[in-house]
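Participant: Structure in structure tokens, see below.
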Amino acid sequence: MQNITARIFQSIFYPLIFVCLLWAIKIFEIISNTNLSWYGIYPRSLHGIIGIVTMPLLHSDFDHLFSNSVPLLVLGTIIFYFYRSIAFQVFFWVYLMTGVWVWAAARNSYHIGASGILYGFIAFLFFSGVFRKDTRLLALSLFVVFIYGGTVWGILPIREGVSWESHMLGALAGLITAYNFKKEGPPVKVYDLGTDEENALIDVTGTQETQEFQSDATSETPVTITYTLVPKKEDDHNSEGSEKQ
């Protein structure tokens, strides 16, 4: 339990630092009576290139900032918890691809806010579970869809003043990142046939039977297991083999 608690705190640390940075910048704007929106992305302009880095750090008001802060904390913590080994790479690639694509393809207007990263995280978590075919990650994907499924409307140009391009392109960045890292991240659960010293169900003598099953962990080659079912000493009937996690 202590290890799990420590891992949760470690997982929330970096997303919390990032969100605190967003709030510090907004508070600085208010205190100094400064509008930093000019440092957002203005597509296909030399000045707007800097927005590739600064766009996610800027927000129009506190409502805009708050609406992004909580999901960033939740989804960022999930990524750092379940994908610890590649979490920074996921963050970097979603951040970079979203910014570059918005600069290259979005409307001629200033684009600010971290919602592109947010959509990238949602897409990454969903498609990572699909690509990896891991039941735990698939369950996590369904949880993300249940909580944030309504955000899918954000990728459509139906709300004036909303950068739907950053939402759509962020989601695309998350999908590509999930595919790129489909063989990395949390190890897939592998089940093996265990033995029990008192009630051994597998013997090397006697009549053998074979069974083929498809290994979905690393290979598409069928694996053949040869085994023999023998009766338990205390029982009159034959018992079947069991799987141990």
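The values are calculated or read from the model by the stated rules, or taken from the named source; none is laboratory data. Keep in mind the model is a prediction, meaning the values are calculated, not measured. Reconstructed Cβ throughout: ideal geometry from the backbone, glycine too, with neighbour counts over all protein chains shown.
Participant: Quick check, is Phe80 surrounded by 21 or more Cβ atoms within 10 Å (Cβ to Cβ), of a type outside the set (D, E, K, R), closer than 18 Å to Thr177 by Cβ and in contact with a helix residue (DSSP H, G or I) (Cβ under 7 Å, 6 or more places away or on another chain)?
Facilitator: Criteria met by Phe80.
Participant: Suppose the filter is in contact (Cβ under 8 Å) with a residue 12 or more places away in the chain and surrounded by fewer than 18 Cβ atoms within 10 Å (Cβ to Cβ); does Val102 pass it?
Facilitator: In short, no.
Participant: Return only the number of the condition from (1) free of Cβ contacts under 8 Å to residues at least 40 places away in the same chain; (2) more than 25 Å from Glu160 (Cβ to Cβ) that Phe66 does not satisfy.
Facilitator: Against the list (1) free of Cβ contacts under 8 Å to residues at least 40 places away in the same chain; (2) more than 25 Å from Glu160 (Cβ to Cβ), Phe66 comes up short only on (2).
Participant: Anything in the stretch 126-142 that is of a type in the set (Asp, Glu) and either touching a helix residue (DSSP H, G or I) at 6+ places or on another chain (Cβ under 7 Å) or in a helix (DSSP H, G or I) (or both)? List them, or say none.
Facilitator: Filtering the stretch 126-142 down to residues of a type in the set (Asp, Glu) leaves 134.
Selection gives nothing.
Participant: Another question about this same structure. Suppose the filter is modelled with pLDDT of 95 or more, among the hydroxyl-bearing types (Ser, Thr, Tyr), farther than 21 Å from Ser141 by Cβ and part of a helix (DSSP H, G or I); does Ser69 pass it? Lay out the reasoning, then the answer.
Facilitator: On the way: modelled with pLDDT of 95 or more: yes; among the hydroxyl-bearing types (Ser, Thr, Tyr): yes; farther than 21 Å from Ser141 by Cβ: yes; part of a helix (DSSP H, G or I): yes.
Judged against the criteria, Ser69 is a match.
Participant: Could you tell me whether any residue of the stretch 30-39 is touching a Gly at 6+ places or on another chain (Cβ under 8 Å) and either surrounded by 12 or more Cβ atoms within 10 Å (Cβ to Cβ) or part of a helix (DSSP H, G or I) (or both)?
Facilitator: yes
Participant: Which ones in the stretch 51-72 are under 19 Å from Ala173 (Cα atoms) and not polar (S, T, N, Q)?
Facilitator: Once the filter is applied, which keeps residues that are under 19 Å from Ala173 (Cα atoms) and not polar (S, T, N, Q), the stretch 51-72 yields Gly51, Ile52, Val53, Met55, Pro56, Leu57, Pro71, Leu72.
Participant: Continuing with the same structure: Take Leu36 and tell me if it is without any contact (Cβ under 8 Å) to a residue 60 or more places away in the chain and in contact with a helix residue (DSSP H, G or I) (Cβ under 6 Å, 6 or more places away or on another chain).
Facilitator: yes
Participant: Here's something else I'd like to know. Out of the residues in the stretch 130-176 that are of a type in the set (Ser, Thr, Tyr) and more than 16 Å from Ala114 (Cβ to Cβ), which is surrounded by the fewest Cβ atoms within 10 Å (Cβ to Cβ)?
Facilitator: This residue is Thr135.
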